[in-house]
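**Student:** Provided herewith is a single structure, encoded as structure tokens, for subsequent inquiry.
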There are 4 protein chains.
Amino acid sequence: MVRLRLSLELDYEISQPGCDFVFNIHAAHTERQRVVDESLTLNQNVQWRVETDAATRNRYLRLQGMPGPMRLVYAATVELQHHVEQPQRIGEVPVAQMPADVMRYVYPSRYCESDRLHKFAMREFGQQWQGYSRVQAIRDWVLQRTTFTSNTSNANTSAIDTLLATVGVCRDFAHLMIALCRAINIPARFTTGIDYGADPALGPTDFHAYVEAYLGGRWYLFDPSGTAIPMGFVRLGTGRDAADVAFATIFGAVISSAPRITIEAVPGSDGQLVVPYHRTEALSTDG
Amino acid sequence: MVRLRLSLELDYEISQPGCDFVFNIHAAHTERQRVVDESLTLNQNVQWRVETDAATRNRYLRLQGMPGPMRLVYAATVELQHHVEQPQRIGEVPVAQMPADVMRYVYPSRYCESDRLHKFAMREFGQQWQGYSRVQAIRDWVLQRTTFTSNTSNANTSAIDTLLATVGVCRDFAHLMIALCRAINIPARFTTGIDYGADPALGPTDFHAYVEAYLGGRWYLFDPSGTAIPMGFVRLGTGRDAADVAFATIFGAVISSAPRITIEAVPGSDGQLVVPYHRTEALSTDG
Amino acid sequence: MVRLRLSLELDYEISQPGCDFVFNIHAAHTERQRVVDESLTLNQNVQWRVETDAATRNRYLRLQGMPGPMRLVYAATVELQHHVEQPQRIGEVPVAQMPADVMRYVYPSRYCESDRLHKFAMREFGQQWQGYSRVQAIRDWVLQRTTFTSNTSNANTSAIDTLLATVGVCRDFAHLMIALCRAINIPARFTTGIDYGADPALGPTDFHAYVEAYLGGRWYLFDPSGTAIPMGFVRLGTGRDAADVAFATIFGAVISSAPRITIEAVPGSDGQLVVPYHRTEALSTDG
Amino acid sequence: MVRLRLSLELDYEISQPGCDFVFNIHAAHTERQRVVDESLTLNQNVQWRVETDAATRNRYLRLQGMPGPMRLVYAATVELQHHVEQPQRIGEVPVAQMPADVMRYVYPSRYCESDRLHKFAMREFGQQWQGYSRVQAIRDWVLQRTTFTSNTSNANTSAIDTLLATVGVCRDFAHLMIALCRAINIPARFTTGIDYGADPALGPTDFHAYVEAYLGGRWYLFDPSGTAIPMGFVRLGTGRDAADVAFATIFGAVISSAPRITIEAVPGSDGQLVVPYHRTEALSTDG
């Protein structure tokens, strides 16, 4: 069991009334991710509510900010009890056995044009053994061919753009890996968290985007950008691609500051301190 | 109340074993669309099941066909009790009041790149009164600038492609209208049914794609291609765009024939025959 | 007659040997643009040559820089004797009468996808009177729908991108106008010069990109970004689009500084000082 | 010396007056390609002229057809005296030594987006020996990853589309190879001819598109689609990409029939019959 303590501090300068925010910064409740405690502090005296989307379990904080500075601090303690499996024992799920609510992650989405990559992906990965190792091969292929470089992509950048540009940030690595998985009929989704364990040389602790692929009846974690430690990922949101799970969607004129984020391992409810590390086993936070 | 009797006949020639099908041809169950009776006939002796997606109420027929000819006949009687409203009384829903499960229809999707159309749409429609009439104006704009032409688009064609090409089929009209709505923060979704009332000169009765926009707390019907009569639409599936609600998604090598479809108005449970017609009021099949 | 005195100062820091440069900073020699005097100063003791492309008359300065700082100063005095015409007297040139070397400017190019815009442009401009006023209408349409905004576009941005984004810099305005002209079979080309007369609030004097359209047997000047005074444009290069006439194409690792540019009207060889102004007549620097 | 006899027969049904045609069906005159005799027969009594573009030597037949059937027969005898070289003796040309009129073939064009493929191509081919063999490697890579399939591409299809789709016709193979060459600074151009030696199973003799790459101071022939015999290519036109050298560009409403084409080797002026064959040496029809 891993217990993590995280905090997020977000600052905005709002310049007009009626500015709506949809945040996806609350840790998700799943069978294997338990939110032990959490708190939200807001400097403005406005109404807010947290809604849980039934299909994804994403928790959306919604509020309307007032003109002036707005500061938001979210803190939580989360316990993860991963499902751990030997990669070689995990096969792909035949289409006939994919649950209805998994099927949507096999279809193309805004930033993951898997339809256009079908033949390309079949040539690269079509002949490989159908299981976890094939998804791992896609992950390695993306990591090997793409260079992590800030400010090379923007909000329009899609998987195909990244395939050609060969540069990007974690979001772009994730989109490309997802598109290639779907192109060969493996359901894959875009998941957000914190870049636990990232090299400080890459900058301060930040939000992170990674991939979950549906294999052997579960969603397994993959980190195509290779910058962080999956065992330390606390799931905030999951969706088709970045369009679904921006940590903040803002409807109005706002100046944002860089988020200030901390995350650390703390002793679990069993009294033991488990510090996340790179594991060779497959990990899932799924039920 | 409108009662419609429809039948679909689909023929395939399957050339390999293990060919998976996901059909979305069953009429949806909604508060205002009641399936009075339905039947499914399959010439192959294979297992099939119908699953309902919780988020969309789409009903997916899933089966694995065997090599050889496969014929599928679905027939149903459906009763529609539309919610009818005067357009001028219907306003847009502020973001703050949009339910969580509606929000996803405001984000871009594979074939509806609303993010890239934001400024374009703001210039065209940003200054108009915020209500049903604005969505109607988008619908009219799309219809006016696009010419219905078969074989001008394909499975990769997106809203932007259609905006530039100015030609397409019902699917393309729907994608463009949806993208423009989302670009100005109006939730819109892609819905499939039968082209009730279409001019026979356009070809035999076929599947149809149209739009539902979220206004005044409901999903209202729009037919951007202008080829059919919305009052006669029986909803089969609804989703982000065509990627979600293909009437048939096939994993394997198959030769398809053109579907043979019939739909007609019959007397309702109240004994009255209501033949769908073009109405000026806004219609919804939503709760 | 307009006489202009211009100077360009370019600074680079070269970090590797064998770094090739192709500059297009020399004023072109045309029938109506005479280079009275010019000079080139280079701080590095390297060979250089100026080549004139026969098809475009562009003059390319070519050299291989050495590691270290490289400074280049080009200065010239140029006399322009414009062809001046009343717009209403200028018609379009029928395809049958277009010279072979003009035809290439009616075909699509990297940043001007006129093929994809054909139907779109026909709807907007297809019914208008075929002459200078139609090109002016395209120019006004582009100017009206596009907002001059720095750092919104990059080296990949094409005419279609700008049509959708509705923002850009002079290069983007030019690409969009060119693509729309070609889409209705009017030859148009991308021309570079200095932004004579630009509002200092937009920043220091800079290179500029504008459009020449082939009408009535000549290439007439248009400034779709509306930021400068066409009468003061000294032509440096002309081509299909920005791919052809970058002011500097660099093969190697180099750090560039912003160019420092001056341009001013001086008394002509006839002793008269003509200061360029916004004219309502059509202008050409062509023979 | 190879002597070839070719004939082209083109049929159109013109439905409106004032329909302009630009044909590029005349064999080019180059230092090593001599047109021994040629004839043009036209069933309509209209004026026509053949213009030679100075920059490319392309010969354009221009005419305005009248309503009704139009038939055009072009026949020619052409002698080719190839420059033949051992591949291992051919190096790339450093940018500093590229002639001005070659430079344009290193820049991106409508269907060859080499700018977007720069990093992708550097990863694949950046480390290879800089010479003919590197271009051959690009040619083999394209041929290996792309399947010749009719009706999979259209007039909008670009190199990037083909890279992803992995299918296309000769035009698409050529665009992809050209884009990859330019992406690593090797000038490459799109050339048209007849598919001499193509397998009859692929259909009747047709126009062909292939590639010329600038190496060792000459333009060498490459056939990325691998369907024909380069030694038998009679050059019709050459340009940036297909936008420049369509065999027929038509401005008006016309119904076209498939061209009927023949080509055969005949005894040369030296009395010898040389039948083109697949050679391992590098070939150029350049001066």
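**Student:** What are the principal axis extents of the Cα atoms in the protein assembly as shown, in Å, biggest first?
**Tutor:** 84, 64, 62
**Student:** Across peptide C:91-100, what mean number of C-beta atoms from other chains lies inside 10 Å of a residue's C-beta? Walk me through the numbers before you get to the answer.
**Tutor:** On the way: counts 0, 0, 0, 4, 11, 11, 2, 3, 2, 13.
Mean shielding by partner chains, rounded to a whole number: 5.
**Student:** Sticking with this one: Under a point spin-label approximation (7 Å from Cα along Cα-to-Cβ), what is the residue D:147-residue B:150 distance to one decimal in nm?
**Tutor:** Placing both labels 7 Å along Cα→Cβ, they lie 2.7 nm apart.
**Student:** From zero outward in steps of 10 Å, how is the percent of C-alpha pairs of region A:139-287 spread across the bins?
**Tutor:** 11, 40, 35, 12, 2
**Student:** Can I ask one more? Could you line up A:191, A:157, C:147 from fewest to most neighbouring Cβ atoms inside 10 Å? Kindly include the intermediate steps, with their values, before the conclusion.
**Tutor:** Values: A:191 25, A:157 19, C:147 13.
Least crowded to most crowded, the residues run C:147, A:157, A:191.
**Student:** Roughly what % of DSSP beta bridges within chain D run antiparallel, to the nearest 5?
**Tutor:** Details: 68 of 70 bridges.
Close to 95 percent.
**Student:** Further question: Could you check the spin-label model distance between residue B:128 and residue C:39? Points 7 Å from the Cα along Cα→Cβ, value in nm.
**Tutor:** 6.2
**Student:** Let me ask something additional. Compactness ratio of region B:58-161: Cα Rg over 2.2 N^0.38 Å, N = residue count? Kindly include the intermediate steps, with their values, before the conclusion.
**Tutor:** Working: Rg = 19.4 Å, N = 104, 2.2 N^0.38 = 12.8 Å.
Here the Cα radius of gyration is 1.51 times the empirical estimate.
**Student:** List B:19, C:170, A:112 from most exposed to least, where exposure is judged by having the fewest other Cβ atoms within 10 Å.
**Tutor:** Values: B:19 21, C:170 24, A:112 31.
So the ranking, lowest neighbour count to highest, is B:19, C:170, A:112.
**Student:** If R0 is 51 Å, what FRET efficiency do you get for residue C:86 and residue D:247 from their C-beta distance, rounded to 0.05?
**Tutor:** Given R0 = 51 Å and the Cβ-Cβ separation, E is 0.80.
**Student:** Rounded to the nearest Å, what's the spacing between the alpha carbon centres of region C:197-254 and region C:121-179? Just the number, please.
**Tutor:** 15
**Student:** Put one equal scatterer on each alpha carbon of region B:235-287, apply the Debye formula with no solvent term, and list log10 I(q)/I(0) at q = 0.20 1/Å to two decimals.
**Tutor:** -1.07
**Student:** Roughly how crowded by other chains is peptide C:135-147, in terms of the mean Cβ count from those chains within 10 Å of each of its Cβ atoms?
**Tutor:** Details: counts 0, 0, 0, 0, 0, 0, 0, 0, 0, 1, 4, 2, 2.
That works out to 1 on average.
**Student:** Quick check of the Kirkwood formula: for chain A, what is the inverse mean of 1/r over all pairs of different Cα atoms, in Å?
**Tutor:** Details: mean 1/r = 0.0513 Å⁻¹.
Value: 19.5 Å, from the Cα pair sum.
**Student:** With labels modelled as points extended 7 Å from the Cα through the Cβ direction, what inter-label distance (nm, one decimal) is found for residue B:16 paired with residue B:75?
**Tutor:** 3.6
**Student:** What is the fewest-to-most order of C:34, C:71 by other Cβ atoms lying within 10 Å of their Cβ? The partial results should precede the final answer.
**Tutor:** Working: C:34 16, C:71 13.
Ascending number of Cβ neighbours within 10 Å: C:71, C:34.
**Student:** Right, here's the next one. So what's region C:106-198 giving for Cα Rg divided by 2.2 N^0.38 Å, two decimals?
**Tutor:** Values: Rg = 12.6 Å, N = 93, 2.2 N^0.38 = 12.3 Å.
That ratio works out to 1.02.
**Student:** Mean separation of Cα pairs under 8 Å and 6+ residues apart, divided by the residue count of region C:83-243: what relative contact order is that in percent?
**Tutor:** Normalised by residue count, the contact order of region C:83-243 is 27 percent.
**Student:** Given a cut-off of under 8 Å on Cα pairs at least six residues apart, what relative contact order in percent is computed for region B:180-287? Mind showing how you got there, number by number?
**Tutor:** Working: 162 pairs, mean separation 31.5, N = 108.
Across region B:180-287, relative contact order equals 29 percent.
**Student:** Work out the mean other chain Cβ neighbour count within 10 Å for the residues of A:101-108 and drop it here as an integer.
**Tutor:** Values: counts 4, 0, 7, 7, 0, 4, 11, 9.
Mean partner-chain Cβ count within 10 Å for A:101-108: 5.
**Student:** Round to a whole angstrom and tell me the spacing of the C-alpha centers of region B:33-51 and region A:257-287.
**Tutor:** Between the Cα centres of region B:33-51 and region A:257-287 lies a distance of 47 Å.
**Student:** Using Cα-Cα distances under 8 Å and only pairs 6 or more residues apart, what relative contact order does chain A have, in percent? Write down the numbers at each step before the final one.
**Tutor:** On the way: 683 pairs, mean separation 83.6, N = 287.
Value for chain A: 29 percent.
**Student:** Per DSSP H run of at least 4 residues, take -39500 (n - 2.57); add these up for chain C, divide by its residues and hand me the 222 nm value, nearest 500 deg cm²/dmol.
**Tutor:** Working: 5 runs with 47 residues, N = 287.
The helix-only estimate for chain C comes to -4500 deg cm²/dmol at 222 nm.
**Student:** Separate question: Measuring from a point 7 Å past the Cα of residue A:97 along Cα-to-C-beta, which residues in region A:199-218 have an amide N at less than 18 Å?
**Tutor:** Output list for this probe position: A:213-218.
Rule-based calculations on the coordinates, nothing more; no lab input. Please read all numbers here as calculations on a predicted model, not as lab measurements. All Cβ positions, glycine included, derive from the backbone under ideal geometry; neighbour counts span all protein chains shown.
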